[in-house]
Amino acid sequence: SDSEGSDGSDAGASEAKSNLIVIITPSPDNVFFKAEQVAADAKAKELGYETLVISHDDDPTKQSQAIDTAISRKAGAIILDNAGADATETAVQRAKDAGVPSFLIDREINSTGIAVAQIVSNNAQGAALGGQLFAEEMEGKGQYAELLGKETDTNAGVRSKGYHDVLDQFPDLEMVAQQTANWDQAEALSKTQTILQANPKIKGIIAGNDTMALGAQAALDAAGRDDVIVVGFDGSPDVVESIKSEKIKATVLQPASQIAEMAVEQADSYIRTGQASQPEKQSVDCILVNAENADSVDNFAVTS
Amino acid sequence: MLTAEGVSKNYGGVHALRDVTFTAHRGKVNVLVGENGAGKSTLMKILCGAERPSSGTIRLEGEAVQIDSPRTAMAHGIGIIHQELSLFPNLSIAENLFAGRELRQRGFSDLQTQRGRSKEVLARLGQSHLDPDRLVGELPIGQQQLVEIARVLLEDVRILIMDEPTSALSNHEVDILFTVIGDLLADDVTIIYISHKLDEFRRIGDHVTVLRDGRLVAHERMDRTDTAWIVRQMVGRDPDSLFTRNRSETGETLLSVDGLTVAGPTRALVDDVSLQVRAGEVVGIYGLMGAGRTELMEALMGLRKTASGTVAVKGRVEPAGTVRARLAAGLALVPEDRQRDGLVQTMSVRDNIVLSTLNRLTRGGLFRRGAQRQTAQRKVDELAIKVGDLALAITSLSGGNQQKVVLARAMLTDPVVLLLDEPTRGVDVGAKSQIADLMAGLAQAGFGVLFISSELAEVMAIADRVLVMAAGRITAEFDADELTEEALVAASASKPAMEVEE
Amino acid sequence: MSDTDVATPPATTGPAPKRPPGNLARAALLLLKGRTVVVLVILMILFGTMSGEYLSSSNLIVMTKHVAINAILAIGVTFVILTGGIDLSVGSIAGLASMICGGLLFSGLALPGEGTLFLSVGMVILAGVLVGCVVGWVNGVLVTRFKVAPFIATLGMLYVARGFAQLRSEGGTFPNLAGTPERGNTGFHIIGVDRWLGIPVAVWIMVLVAAAAIVVTTRTPFGRQVYAVGGNERAAELAGIRVNRIKVAVYAISGACAALAGLLLTSELGAAYPDTATTYELNAIAAAVLGGTALSGGRGTIVGTVLGAFVIGFLADGLVLVGVSTFWQSVVKGAVIVFAVITATAQQRLEASLAERAA
Amino acid sequence: MSDTDVATPPATTGPAPKRPPGNLARAALLLLKGRTVVVLVILMILFGTMSGEYLSSSNLIVMTKHVAINAILAIGVTFVILTGGIDLSVGSIAGLASMICGGLLFSGLALPGEGTLFLSVGMVILAGVLVGCVVGWVNGVLVTRFKVAPFIATLGMLYVARGFAQLRSEGGTFPNLAGTPERGNTGFHIIGVDRWLGIPVAVWIMVLVAAAAIVVTTRTPFGRQVYAVGGNERAAELAGIRVNRIKVAVYAISGACAALAGLLLTSELGAAYPDTATTYELNAIAAAVLGGTALSGGRGTIVGTVLGAFVIGFLADGLVLVGVSTFWQSVVKGAVIVFAVITATAQQRLEASLAERAA
Ligand SMILES: Nc1ncnc2c1ncn2[C@@H]1O[C@H](COP(=O)(O)OP(=O)(O)OP(=O)(O)O)[C@@H](O)[C@H]1O
Ligand SMILES: Nc1ncnc2c1ncn2[C@@H]1O[C@H](COP(=O)(O)OP(=O)(O)OP(=O)(O)O)[C@@H](O)[C@H]1O
Ligand SMILES: O[C@@H]1[C@H](O)[C@H](O)CO[C@H]1O
Ligand SMILES: [Mg+2]
Ligand SMILES: [Mg+2]
């Protein structure tokens, strides 16, 4: 990947040093991405860059056009939380060919050598934590349902696998429903409602991310079910609040802001040196958040 | 007493009214006559606030009033029965009668009372059998017209305008209407009555006013006039000087129709009609509105499904019965309502003229340069259509010239027989005689011409042969030399016609 | 469009073909008139047999709650369609109202100078509905005063309202609308979450709205004038009906209903996000059309619209419940819509031919 | 809807107010007629001064490429609108075509018995366009034969086509459409990614489609008949035009254009996903309307539509480029649409009053 890096560098160096960093993420209606935007934007400005923040709303076409814009603006680097692994590569490649290096955060793509860096949280490790705690809360038995994230997002698969690596070891834990809610709060709400209808005896719901966990919790509140265990993934402030008020049981905190900042720093050094300072694939471990440490969590970071 | 002073009205290029000063005498029946398109309805629309005049003022009992909407007109006690039915097909009779002035009870509609009052007023019109809850859309237009009449009877109007209120009524219903009018007069209501039926308005009229070509040409006490006088005023000059008669030799039979029948809502609209048109012949169809003449033409042209009967052009029966097939066979129709069926309002004069014959103007699938303009220009010159630029919007032409445009399109299809439905409706006198000349010219050129007219003077002057229709049937046939007004009127009002909508 | 519209009067489709008179035709007509009910019943039987849960009271309640949102939207839209218009902006209006109220509850109203003001939940809801009303009114003014085609006016508003919804929070979500006692703005969850007599409050609200709408459309002069305008605008003009006022009014009503629906969604979710109710306008129009409302105006009933909403909602939930791939949902929904309209046309033809025989 | 449509004949709006005759009015008229161009120019100057890159050839090329997709969709839709119809299904058709071709390239055609068949890219593209054509044809049949209102027919198709698009892959994405030499299906990227003479192939395709459409609408009988059907259907019938055929044809054309647009999108992304082009129908209709096409039919030009697409595209990209919150995009877009139509009405009035004075 080094050779790849230097390839990019030639292209990069051939341009006059650009002072612009373009930050492209999914819709900020998910605090997780809002946090990414804010952190990346602040860090870039702090390092003296001009920024352009665009959200692609998980639409690969919008993303592709946003990347075109970055190219037109001769951006020094793109910080990208992508709109789906498969439908992203061509666009990132196009940026690379135009001498604009991409730094992916949060969501991976399947091939290496196109982006300079792919910085994601350790979803497998995080999912193991979440699964473990869920199993304990369930006392190792009973019916549960799983809400899956966007199929196009590698994280969805990784987390589901991580959960099941743990949960499937408990013979008495029975998954009675598994549906995708596409990371979406409203969709999680209605999906959970129907799941509750089909499986009234359900004891727990494990969600691929926090917005879906919140949706599930809302459905439970509406149905007057305070006996159902909900576990999410992200460590978003809203869920942390919910944990404090003893609704959602736990979530797995991803250092969203930290990851975004790392990406910007690496982009900065790449712009200055034309060299990738780190290997392409990087992952940051996640932290379990539950009633114990909820108070020490602030904006996707544990301030212990 | 109601007066309109110096009222003018333009629609785009059309001068519907030119400086008309009209007076309606209080508590009397003021009859307004004039040929189709003379401007009668337009004047009435202005009096009832449906249209605003381009210029002129309206006075009630002497002082000027601003009538800018139907509401203000009603406020002044002016009510109108519109010529073209303005009802709500999706609402019940009762709701139609009270639309816009619903009866309320603590804010809610008082449907009960509405039904009751509806039954009363319907009974007054001899329609006690009608259920006020029936949808108006389901009624035959005869009864729809009665509903339209009932609407105004419910308001307490001081001035009542009736624009051809009897056009779809049977004679029996007409009698009932006249008794109602009698009652109204007793209550000192002023009535303005528009009709084409001489016998009818001579029966009840006190004063008669004649419009011609948008101008007021005469105003007289009815008893000081006679039919001849009225016709003269309407037509403006002696009919025969106005229209050139076709004198060409008649040749082979071009169109022969046999037992043509068109099914209809209430009865056959066209009932076992047979007729011939020979080359060089101008044949007129006379009848009252609702006789089924338009349906006949539409059936000939393939616009309506025929229940039975055959249509043969130049001796060859045309079985397909589609518009295209009939066009190909050599028929071409100039429709009665050019706005609705004739013109494409969004297109230029040129495009309207060549519309039926586009495929002839192409080479390799594309229009030949200038071909459309040349073709259109040729017809424009030929028919003396008054138009500055062929690219102008069709709507900018006057009624007569619009009519000629439709005629031009029809002629471009090289028809054998031309079908003209009310070709002179709503065009000014000058254009009328021109169109008459054209028809004669066409006959000389060996075409066959079949035309509809509601105007006695016109048919009598133009046609070599006149067929009279009533209630879908052909009730009489006259050659030009044996024609008399009386005979025509009699035939058009013959027994079947009274059964319309009964 | 009206040329091919379901409401095309039989007269213009040429004399209807003669059929053997009698009861068969009448039976068919009855079936056609009640088609929405028929379809609904069929659906319930179908899914009922496929899954035991489907007809359980608890599931019926949940499904009805889902229906409530779309039903309220559709009722509003029905008013507009009855006048011969269309309203594409209801989804966006719902979103805007959601964000306005979300903001009021979450971050309050920044007062010039001292601090922020927090309105009571009641006031907040009122504010939301009012906003919807105003936006609808603007639609109406564009249509009447500026003579913009309803499709365009409301298409433009679809974008504008959605844009403002996003701007309200720069795209973010108002996560927690619980409110606090000291702020005196708790209880927003009541309309979307709570129940009364075992029935969700949202459903009660739908019932109220529907009842009101039925009374207005059938028992008030205004309601009949709405039908009149849609049935024959020119005639309405001549009958002295204030056509423009009526039109403005129906768009305002539609906006208010949309806002209300948006608030129910928000309350249920416990959070306000800018994309609330995107593309719901299509569902609402679909419900109205399914219920027999003619896009050409003048024909349709509130009851029909509500039934239409039930068909769409019970269909979607049913497919999910019996585990049919959710993708079949859109296929089936689309097919049902078209089918419903085709049968509507069939009904019109049949009625015509019967009327003809009656005469 | 036409009652308040931009094409409302001035006659029904009462006598137009008298204006001082002459040049001023004429100048205004000229400005109004060219309003789309005017707006476009203003946009370019505005953004050009705000950002250096905006008018750089490279950016202009990129923006034009973005425009191409919507322009092709809009051209198809324009044909439909010219006949007085509407097509809400183009977005879904684009998605369906995208998935069909994606499937053909990625997993090929499963043959009964032996193995799977891989078509050449040319054939695949042809297949995709054909699919669009057929779906459009179905729309046309629903509208003509079954007398379903265009709005409803295509609304139904919007759901059905999208559903099938998702079913094709059970919601998944076809990740890699590069193809392989041994399968002989490489080169799909050409239409969406490659350039010719420095201009993206997609742009060339748009130019071709536009040119063809211009010739068809202005220089062929078919085109003229399309206008006639939209201008006055009854008159068209009487003039011997096969109205139903024309209608079916325009929906088929619209479908084909939609499919083509979908393929360009897919090729650009190098992947096919079922949500391709969701809600693009609105953008397409907006472009047509911006370009002066009247929803009531009979009025409009291809050139206008293309300009409309440019305005929408250059506006969106411009706002992003200068870093205006993307949320303003929808607000501005909506406002521009409505404004454009209002000016259109103004133009009509002005023309009318000039005509009257001329008479
Ligand atoms: N809305 C309109 N737009 C353009 N021209 C019109 C319009 N209404 C009427 N005209 C024209 O104005 C003239 C007078 O029409 P009007 O209806 O007043 O005649 P009329 O005397 O009532 O004829 P009829 O006896 O057939 O009812 C005609 O040339 C007609 O074509
Ligand atoms: N839409 C309709 N619904 C029901 N009956 C109709 C309708 N239109 C016409 N009719 C009836 O059909 C018959 C023929 O009508 P129409 O007015 O076309 O005859 P016409 O002789 O052409 O009249 P005109 O001379 O005014 O054109 C009349 O009995 C009329 O009442
Ligand atoms: O990791 C992110 C977050 O979990 C977000 O909530 C959804 O998208 C995932 O990719
Ligand atoms: Mg008249
Ligand atoms: Mg007639």
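Taking a span of 18 Å or more along the helix axis (Cα atoms) and a mean Kyte-Doolittle hydropathy of at least 1.6 as the rule, the DSSP H helices of chain C that qualify are C:35-50, C:57-82, C:90-106, C:121-144, C:201-219, C:302-321.
Would you work out which of A:LEU129, A:SER72, A:GLN178 lies farthest towards the positive end of the dipole of chain A? Charges go on Cβ: Lys and Arg +1, Asp and Glu -1. Positive-end residue among those listed: A:SER72. Ranking of A:TRP183, C:TRP328 by neighbouring Cβ atoms within 10 Å, starting from the fewest: C:TRP328, A:TRP183. Only Cα sites of chain C enter the Debye sum here, all with the same form factor; the resulting log10 I(q)/I(0) across q = 0.12, 0.13 1/Å is -0.91, -1.05, listed in q order.
If you filter region A:179-250 for GluC sites (Glu not before Pro), then keep DSSP loop positions with at most 16 other Cβ within 10 Å, what is left? Don't skip to the end; give the middle numbers.
Details: sites: A:GLU187, A:GLU241, A:GLU246; in loops: A:GLU246.
Loop-located and lightly packed - A:GLU246.
Among D:LEU55, B:LEU254, a tally of other beta-carbon atoms within 10 Å of each Cβ gives an order, fewest to most, of D:LEU55, B:LEU254.
Compute, for region A:248-289, the length of the dipole vector about the Cα centre, with Cβ point charges of +1 (Lys, Arg) and -1 (Asp, Glu) only. Units Debye, rounded to 20.
Values: 3 positive and 5 negative charges, 28 e Å.
The calculated dipole for region A:248-289 is roughly 140 debye.
Between copies, C:GLU170 shows label-point distances of 4.2 nm, shortest first, with the point placed 7 angstrom from Cα along Cα to C-beta.
What the phi angles of region B:172-180 give under the Karplus curve with 6.51, -1.76 and 1.60, with θ = phi - 60°, is a coupling list of 4, 5, 4, 4, 3, 4, 5, 4, 4 Hz, glycine and proline written as x.
At an R0 of 51 angstrom, the distance between the Cβ atoms of B:ARG245 and D:VAL37 translates into a FRET efficiency of 0.30.
Dividing the alpha-carbon radius of gyration of region B:128-167 by the rule-of-thumb value 2.2 N^0.38 Å gives 1.27. Give the angle, between 0 and 90 degrees and rounded to the nearest 10, that separates the Cα long axis of helix B:399-412 from the longest principal axis of the Cα atoms of chain B. Roughly 30 degrees, rounded to the nearest 10. Compute the signed sum of charges (Lys and Arg +1, Asp and Glu -1) over the other residues within less than 10 Å, Cβ to Cβ, of C:GLY172. Local net charge: 0.
Of the trypsin sites (Lys or Arg not before Pro) found in region B:368-420, the ones in coil according to DSSP and having at most 11 other Cβ atoms within 10 Å of their Cβ are B:ARG369. Work out the charge dipole of the protein assembly as shown with +1 on the Cβ of Lys and Arg and -1 on the Cβ of Asp and Glu about the Cα centre, then indicate which of B:VAL273, C:VAL80, A:GLN258 is farthest towards its positive end. Sorting the options by dipole projection puts first B:VAL273.
Among A:ALA117, A:ALA42, A:ALA267, the largest mean-square fluctuation in a Gaussian network model of chain A (Cα springs under 10 Å) belongs to A:ALA42. Loop-located GluC sites (Glu not before Pro) in region B:2-65 (DSSP state not H, G, I, E or B) with no more than 11 neighbouring Cβ atoms inside 10 Å: B:GLU61.
Report the net charge of residues surrounding B:LYS40, where surrounding means a beta-carbon distance below 9 angstrom and charges are Lys +1, Arg +1, Asp -1, Glu -1. My count for the surroundings of B:LYS40 gives -2. Given the C-alpha centroids of region C:209-241 and region B:148-223, what is the distance between them in whole angstrom? Distance between centres, Cα-based: 32 Å.
As a test of understanding, state the convex hull volume per residue of the protein assembly as shown from its alpha carbons, in Å³.
On the way: hull volume 306.4 nm³, N = 1524.
Measuring per residue, one finds 201 Å³ for the Cα hull of the protein assembly as shown.
Considering only GluC sites (Glu not before Pro) in DSSP loops that have at most 12 other Cβ atoms within 10 Å, the longest stretch of chain C without any of them is C:183-359. Between region B:244-294 and region C:42-67, the C-alpha centres lie 65 angstrom from each other.
Taking 7 Å steps out from each Cα toward its Cβ at A:GLN169 and C:ALA25 produces label points 7.7 nm apart.
Hydropathy at least -1.0 by Kyte-Doolittle, axial extent at least 24 angstrom from the Cα trace: which helices of chain A, defined as entire DSSP H runs, fit? Walk me through the intermediate numbers first.
Working: long enough: A:256-273 (26 Å, -0.18).
Helices passing the filter in chain A: A:256-273.
In region D:84-220, the convex hull through the Cα atoms has an average projected area of 11.1 nm², a quarter of its surface area.
The label-point distance for D:ALA212 and B:ASP223, in a model that sets each label 7 Å from Cα toward Cβ, rounds to 8.1 nm. Here, region B:2-237 yields an orientationally averaged convex hull projection of 13.5 nm² when only Cα atoms define the hull. Spin-label model, C:GLU182/C:ILE199: points 7 Å from Cα along the beta carbon direction are separated by 4.0 nm. For region B:291-312, the residues whose backbone nitrogen is under 16 Å from a point 7 Å from the Cα of D:ASN244, taken along Cα to Cβ, are B:302-306. Inter-copy label distances at C:MET123, using a point 7 Å along Cα-to-Cβ, come to 7.1 nm with the shortest given first. Taking a virtual spin label 7 Å from the Cα of B:GLN377 along the C-beta vector, which residues in region B:387-423 bring their backbone nitrogen under 11 Å of it? Answer for this model: B:390.
Under 10 Å, Cα contacts only: if you run a Gaussian network model on chain D, which one of D:GLY115, D:GLY262, D:GLY231 comes out with the highest mean-square fluctuation? Among D:GLY115, D:GLY262, D:GLY231, the largest GNM mean-square fluctuation belongs to D:GLY115.
Sort region B:343-386 into rounded, prolate or oblate with this rule: let a ≥ b ≥ c be the square roots of the eigenvalues of the Cα gyration tensor; rounded if a/c is under 1.5, and if a/c is not under 1.5, prolate when a/b is larger than b/c, oblate otherwise. Walk me through the numbers before you get to the answer.
Values: a/c = 2.45, a/b = 1.44, b/c = 1.70.
Oblate, because a/c is 1.5 or more while a/b does not exceed b/c.
According to the Cα-based calculation, Rg over Rh for region A:184-231 is 0.91, with Rh computed by the Kirkwood formula. Measuring max minus min along each principal axis, the C-alpha atoms of chain B give extents of 72, 49, 47 Å (largest first). Projected onto their three principal axes, the Cα atoms of region B:240-501 cover extents of 57, 43, 36 Å, largest first. Can you list the distances in nanometres, one decimal and ascending, from the C:GLY184 label point to the identical position in each other copy, with the point 7 Å along Cα to Cβ? Distances between equivalent label points, in nm: 8.1.
Quick note: the coordinates plus some simple rules give every number you see, no bench work behind them. None of the values given here were measured: they were computed from a predicted structure. Glycine gets a Cβ as well: all are built from the backbone with ideal geometry, and neighbour counts include every protein chain shown.
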